[in-house]
Amino acid sequence: SFYHNLADAYLTMGQQVNAFNKITKTLAVREQRYGKNDPNYASTLDLLGIYHYEGGQYAMADTIFRQAIDIFEQNKEFDNLRYIATQNSMAVNCEELGDYDRALLALEKVAAAVREHFGENSRDYAIVLGNQAEIYQNLMNNSTAIQLAEQAQQILQRNGMTNTTDYSSVLGKKALCYDNMGQYDKADVMVMISRGEAYGLVYLEAMARGCI
């Protein structure tokens with residue numbers, strides 16, 4: 001609906017007060033039109049969860065995401081892209097809560113849906129792999145994290161996306177894993193050198209490690 005899309009736009013722009021006002025209005029309209037157990041209502045609950053997530057209220061966001069997911073599942077909307085988006089929101093929030101097991105479970109569902117809808121060679125699938133890699137890195141399972149990050153890296157390379165923030169993010173995840181493992185020379189990243197650092201220690205260290 002118009003108010004739902006407007007609320008989403010306000011969230012994207014960081015206008016939290018306006019976003020909250022439009023979210024609550026949309027929930028009221030959709031409750032009256034569809035009822036509280038309808039996927040349309042659940043999709044707006046996802047926005048409310050994101051609002052609380054961005055405000056650092058992770059426990060509140062978790063409750064709301066669970067409610068939205070329950071509604072989707074009661075309606076057997078497992079292939080609904082809005083359900084997948086809510087599962088992804090849940091995963092991100094669970095990571096903030098330190099609940100990595102639930103985060104991985106949610107991401108597995110997201111990955112399966114993305115494979116089905118967009119394919120294993122899509123940017124969307126690469127992003128999910130990168131998110132999974134980050135969870136495993138937090139769990140200090142660096143070998144699994146590196147495998148996932150490398151899969152994501154290869155997909156982005158095949159799609160000609162090596163100059164994107166998605167690609168640099170994946171490289172950063174790999175670098176953190178190698179750093180955790182003490183394998184510093186395997187950090188497959190380029191060090192960006194500023195003009196003032198041209199003859200400094202960072203430049204020399206990067207050259208010694210073959211990063212530039």
Of all residues in the range 129-170, which are crowded, with 20+ Cβ neighbours inside 10 Å and among the aliphatic types (A, V, I, L, M)? Leu129, Ala133, Ile135, Ala145, Ile146, Leu148, Ala149, Ala152, Ile155, Leu156, Val170
Odd one out for Tyr3 among (1) surrounded by fewer than 22 Cβ atoms within 10 Å (Cβ to Cβ); (2) in a helix (DSSP H, G or I); (3) at pLDDT 95 or above: (3)
I'd like the full set of residues that are of a type in the set (D, E, K, R), more than 18 Å from the chain's Cα centre (by Cα) and assigned to a helix (DSSP H, G or I), limited to the range 136-191. Arg158, Asp179, Asp185, Lys186
Considering residues that are under 14 Å from the mean Cα position of the chain (by Cα) and either among the aromatic types (Phe, Trp, Tyr) or crowded, with 21+ Cβ neighbours inside 10 Å (or both), the number found within the range 112-128 is 4
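The values are calculated or read from the model by the stated rules, or taken from the named source; none is laboratory data. This is a predicted model, so every value here is computed, not measured. Heads up, the Cβs are rebuilt from the backbone with ideal geometry, glycines too, and the neighbour counts pull from every protein chain shown.
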